[in-house]
Structures are given as C-alpha cells and as structure tokens.
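Student: Before I ask anything, let me first share the structure, which is written out below as structure tokens.
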Amino acid sequence: MICNIPKVTVTTWSSDKIVLAGPTYRQYLNKSLEIISSKDVASIIGQPGMGKTTILRKAEESCKDKMFTFFLDLASKNEIEDEFWSKVDKFKLREIVLPKMDKKKYGYTFFKRIRGINFEKHLEGLCDKLNDPLIRLYCINYTRDFDGMLKLIGDLKSVTDVVLFIDEVRDSHLPKIHRLINSGLAVPVLMAIPTDAYNKVTDLAIRRRLDESRISLDSALTADDIREIIEVYCKPLSEELYPIVLSMWNGKELNTVSSILQYVKNEVDKAVNDCGSEELSCVKEKVKNSYTLKDIETDSKTLEKMIREELTNLAKEYDITYVHPRGKRVEVKGKNITVGLFFIYGEYAYIGLVKLMNNQEVDSETQLLPFINVIEHDKKEYKVAKRFVITNGKISLEGVDSVELSTLEVVRMIRGDTVILEEKVRGLLKIILLSQKESNVTNSEVVT
C-alpha cells in the first residue's frame, strides 16, 4: 500500500489505531490532558470529521493506565445513563475494588477459607446485606438510572481517579451533563460536541460552562497541520499532494480532516488504477499531471473565455456597460494584436490578456500592451484606464497590473471550478475598478 488511509476516515469508538497528526492537534491534546489533571471540564467543539473523536480517544489512551476511564459514545443515544450502564464492566470494577477490601472487615474468616469458600464467593453473599461503597461497586448494586450513575461514579472516585470521555454530545444531553458537572463529584469530563449542537444551546449557565475551557476545531487547521497529516497517511506522495490539498483547503472545497483524507484516498486510488499497478514513479506522475497545465496556448484561451463569460455575468452588479464577447483586434506600433479581455466601465476602457506560462519569456503581444492608450468600439474611442495581465507566472510591465494565479488555481478553474473562478474575477474587478474610482475622486478634488 502506497498510503495508509482507512476506508472509514472518521475515527469511531472502536478504532484500533488512533493517529493524531499536526502541531495544532498535539497542542489541543496537551491542553485536554492538563484539564483532566486539574479535574476540570473541557468541551471540544467542531463539525463532523474535524478530529474531535480522535483527540478524545488519544486522551483516553493517555489516561487509561493511570485512571479509571469511561468512554461514552452518545451517537443515536437519547440518554447519557443508557450509554453509561452499557459500558460498566463488572470484571474491570472488581479488579480495582478487590485489592482495596480488608477481608477481616467483611467477615472473611480463617474457617471460611479452610472450608473452601473463596473471598469473592463470600462477597457475593453480602451484596444485599451491606450498604458499603466497595460492596456496591463489587456487586454493581445500583439503580440503572442517572442517579445510580452518579452514585457509582462517587463510590468509584473514593477508590481511584475517574475521568469521563463523552463523544457526540447533543444539545438534548447537556442538561444532564450539566447536572453531572455540578454534582460535586469533581470528576474531570472531556466531551466532544458537534458545532451545530453547540450553536443550539440557549441555557446561559450551560453555555458559560462549555465556554470556560472550549477547544474549537473549526478553522483550526494550519498549513503545517495539513502537511503533517498528509505525510503521516501518505508519505510517498506528500510532496505531490500537499500543494493540491492546501489550495483546496484555502478554497474551502475541503473543510474537514476526514474530507482531506477521503480526497487523498480517491486521488491515489484513481492514479493507481490509471497506472494499472502501485508502481510509485507512475503514480506520482499521474497525481502530478492531474493538476498541471498540458498545453499553455490552449489553456490560456480556455481560461480567457471563462473569465470573459464571468465578466458578462457580473457586469450588471459592477455597473459595467459592455463586455466584448471575443478577443478585440487592436493596432499598436504598426502591429496587430488581439486583446483577449475588453470591457467598458463608465467612460473608460479596460483591457487585459490571459498569459499562462511555463517559465518562458514574456511574449511580444504582452510587451505591446502598455502602449495601447485608446480603443475603439461602436464608432467611439475610449481612453484606456487600466491594462492587466492574468498569469500564473511573473510579469512586470510598467503601466500593467499583473493578476497572479497559482497553476493549481488555473487548473481548477479550467476543470470547471466556478467558485474559485467567480472569486478571482471579483477580486480582479475590485482591484481595477476601485483604483479607478479613487483616481476619479482625486481628479475631482484637484479640479475643485
């Protein structure tokens, strides 16, 4: 296997191997452990797939050798006590309780031992006779309701440290969890709450308690986290995958850790299928080629057409009176060039070129752009207010604004990503039209 990505990318309570990657997640894990050590309460809040359960399970993993842990998964559970009692392990409790029990105190005499009655058998006979914390724990002699749950936790806390990890908390669970926290047991609680459930909380006391030690995962991922996550799950292809995933994350096409892993898995599976094997060099090339430009001239014309169509879509919103439906032939310095983008705003013309590059020199057509001062349309001449070049390279020409896109952004737009296309065209209009408005205001002030 080139990558080690599970079929189900969301951690569940039964996951055998729990991987926590990324400096932000390690920081949050350490914060969770500090809160547990101080016997406090923390809420991990985030949308599904952001790693709440992963932090919860790693924290439990760190605590289970030192404390008695309960991991409660409230997904599809109406009441917290139902999940609690399903997780109470009689044998685990007895392992904790038996070493603490004084045999003489509980009437286990020498004569009972020589008669072959072992201590545990003896204790079972006391289950309904003694009202004692250790006997209650040994016999699990509690009502199977919320009050019984609090009673068991209180008894167990007198014997050992206890911590509760509660996953998939919904707003309907919070009143009882609030009762648990305010019960005086002083048991640390680490709970994971989906963002939508957190947003529904209207009780100010509960909201205040949740916010005291809130760990918010939404929008928490950094570029370093993303890089490390990819390296942990797919080290051989991390260099090829990282820039793609980072761009998609910044573009909000990927918005959770699980969506990142699922995307990586799909891309690698597709590349392996295209190669017909897991031969690494072939798979790397397939992944890389899936987000690189293949024909610079054709791709430039395709992107130019898409930007022109988007300008037409946004014309009314930005008070653009005219967008030329194709390239505009212009004579400059005795040569004819085609200006790919031409529109009219107010009394001025705005002209631009789309020039995608693979490290080549700036072509002669682009070099002539600064010298176009006037453009004719419908028997009227318009003074050129702005000249711009949209490129994935570096173009520096006096009198020309360079709008730089990453190659990955270009590929995504050519592949039909309308969201990033609109975003980039809006950004272009904001830059060139806003600067013109400011210039008009300045000129007006000078005239005045």
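The values are calculated or read from the model by the stated rules, or taken from the named source; none is laboratory data. What you see is a predicted model; the values in this text were computed from it and never measured. Positions of Cβ are backbone-derived with ideal geometry, glycine not excepted, and every protein chain shown enters the neighbour counts. With ligands, DNA and RNA removed, areas are computed over all heavy atoms of the protein, side chains included. Shrake-Rupley method; radii C 1.70, N 1.55, O 1.52, S 1.80 Å.
Student: Residue farthest toward the positive end of the dipole of the chain, with Cβ of Lys/Arg at +1 and Asp/Glu at -1: which of Phe110, Gly340, Ser290?
Tutor: Phe110
Student: Pairing rule first: another cysteine's C-beta must sit under 4.7 Å. Under that rule, which cysteines of the chain stay single?
Tutor: Cys63
Student: What is the dipole size for the chain, taken about its Cα centre, with +1 at each Lys and Arg Cβ and -1 at each Asp and Glu Cβ, in debye to the nearest 20?
Tutor: 1700 debye
Student: What ranking, highest mean first, results for peptides 36-45, 215-224 when packing means the other Cβ atoms within 10 Å averaged over each residue?
Tutor: Highest mean packing first, the order is 36-45, 215-224.
Student: Treat every Asp and Glu Cβ in the range 289-361 as -1 and every Lys and Arg Cβ as +1, leave all other atoms uncharged, and give the resulting dipole magnitude about the Cα centre to the nearest 20 debye.
Tutor: 280 debye
Student: Next question, about the same structure. Could you state, as a whole-number percent, how many of the C-alpha pairs of the chain are farther apart than 43 Å?
Tutor: 43 percent
Student: Another question, then. Counting only helical runs of four or more DSSP H residues, what would the 222 nm mean residue ellipticity of the chain come to if each run contributes -39,500 (n - 2.57) and the total is spread over all its residues?
Tutor: Mean residue ellipticity at 222 nm (helix-derived): -14500 deg cm²/dmol.
Student: Projected area of the range 225-277, taken from the Cα convex hull and averaged over every viewing direction, in nm²?
Tutor: One quarter of the hull surface, i.e. the mean projection, equals 3.5 nm².
Student: Would you mind working out the accessible area per residue for the range 105-167, using a 1.4 Å probe, and quoting it in Å²?
Tutor: Value for the range 105-167: 52 Å² per residue.
Student: Beyond a 32 Å Cα-Cα separation, which of these cross-linked pairs lie in this structure: Lys286/Lys386; Lys52/Lys270; Lys31/Lys288?
Tutor: From the list (Lys286/Lys386; Lys52/Lys270; Lys31/Lys288), the Cα-Cα distance tops 32 Å for Lys286/Lys386; Lys31/Lys288.
Student: If you take the charge dipole of the range 27-141 about its Cα centre, with +1 on Lys and Arg Cβ and -1 on Asp and Glu Cβ, which of Pro133, Trp85, Ala75 is farthest toward its positive end?
Tutor: The listed residue farthest towards the positive side: Pro133.
Student: Multiply the residue gap between Thr292 and Ser216 by 0.36 nm, knock off their C-alpha separation, and tell me the result in nm, one decimal place.
Tutor: Between Thr292 and Ser216, full extension yields an extra 23.8 nm.
Student: Moving on. As a test, work out the antiparallel percent of DSSP beta bridges whose residues both lie in the range 297-437, rounded to the nearest 5.
Tutor: If I count the DSSP bridges inside the range 297-437, around 60 percent turn out antiparallel.
Student: Only bridges whose two residues both fall in the chain count here: according to DSSP, what percent of them are antiparallel, nearest 5?
Tutor: Around 35 percent antiparallel, to the nearest 5.
Student: Which pairs in the list Lys328/Lys355; Lys64/Lys103; Lys235/Lys355 are over 25 Å apart, alpha-carbon to alpha-carbon?
Tutor: Where the Cα-Cα span goes over 25 Å, the pairs concerned are Lys64/Lys103; Lys235/Lys355.
Student: Apply the Debye scattering formula to the range 70-209, with a single equal point scatterer on each alpha-carbon and no solvent, then give log10 I(q)/I(0) at q = 0.10 Å⁻¹.
Tutor: Cα-only, vacuum Debye calculation for the range 70-209: -0.42.
Student: Continuing with this model, one more query. Per residue, how much accessible area does the range 228-324 have with a 1.4 Å probe, in Å²?
Tutor: 52 Å²
Student: Mind jotting down a quarter of the surface of the convex hull over the alpha carbons of the range 254-355, in square nanometres, one decimal?
Tutor: Its Cα hull, projected and averaged over all orientations, spans 10.5 nm².
Student: Putting +1 on Lys and Arg Cβ atoms and -1 on Asp and Glu Cβ atoms, find which of Ile153, Leu180, Ser43 reaches farthest to the positive end of the dipole of the range 43-198.
Tutor: The residue sitting most towards the positive pole is Ile153.
Student: Scan the range 171-227 for trypsin sites (Lys or Arg not before Pro) in coil per DSSP, keeping those whose Cβ has at most 14 other Cβ atoms within 10 Å, and list them by number.
Tutor: Answer by residue number: Lys200.
Student: Could you tell me the center-to-center distance, by alpha carbons, between the range 255-304 and the range 128-148 in angstrom?
Tutor: 60 Å
Student: Let me ask something else about it. Report the net charge of residues surrounding Tyr382, where surrounding means a beta-carbon distance below 14 angstrom and charges are Lys +1, Arg +1, Asp -1, Glu -1.
Tutor: Neighbourhood net charge equals +2.
Student: Carbon and sulfur together cover what percent of the accessible area of the chain at a 1.4 Å probe radius?
Tutor: On the chain, the fraction of accessible area on carbon and sulfur atoms equals 48 percent.
Student: Something else: State, in angstrom, two size descriptors of the range 128-251 derived from its alpha carbons: Rg to one decimal place and Dmax to the nearest whole number.
Tutor: For the range 128-251, the Cα-based Rg and Dmax read 21.4, 69 Å.
Student: Bin all alpha-carbon pair distances of the range 289-444 at 5 Å intervals from 0 and give each bin's fraction as a whole percent.
Tutor: Bin by bin from 0 Å, the calculated values are 2, 9, 19, 23, 21, 15, 8, 3, 1, 0, 0.
Student: Among the aspartates and glutamates, which fall within straight-line cross-link reach of Lys383, defined as a Cα-Cα distance under 19 Å, with same-chain neighbours fewer than 8 residues apart omitted?
Tutor: Of all the aspartates and glutamates, those that pass the test against Lys383 - Cα under 19 Å, at least 8 places apart if same chain - are Asp319, Glu331, Glu347, Glu398, Asp401, Glu438.
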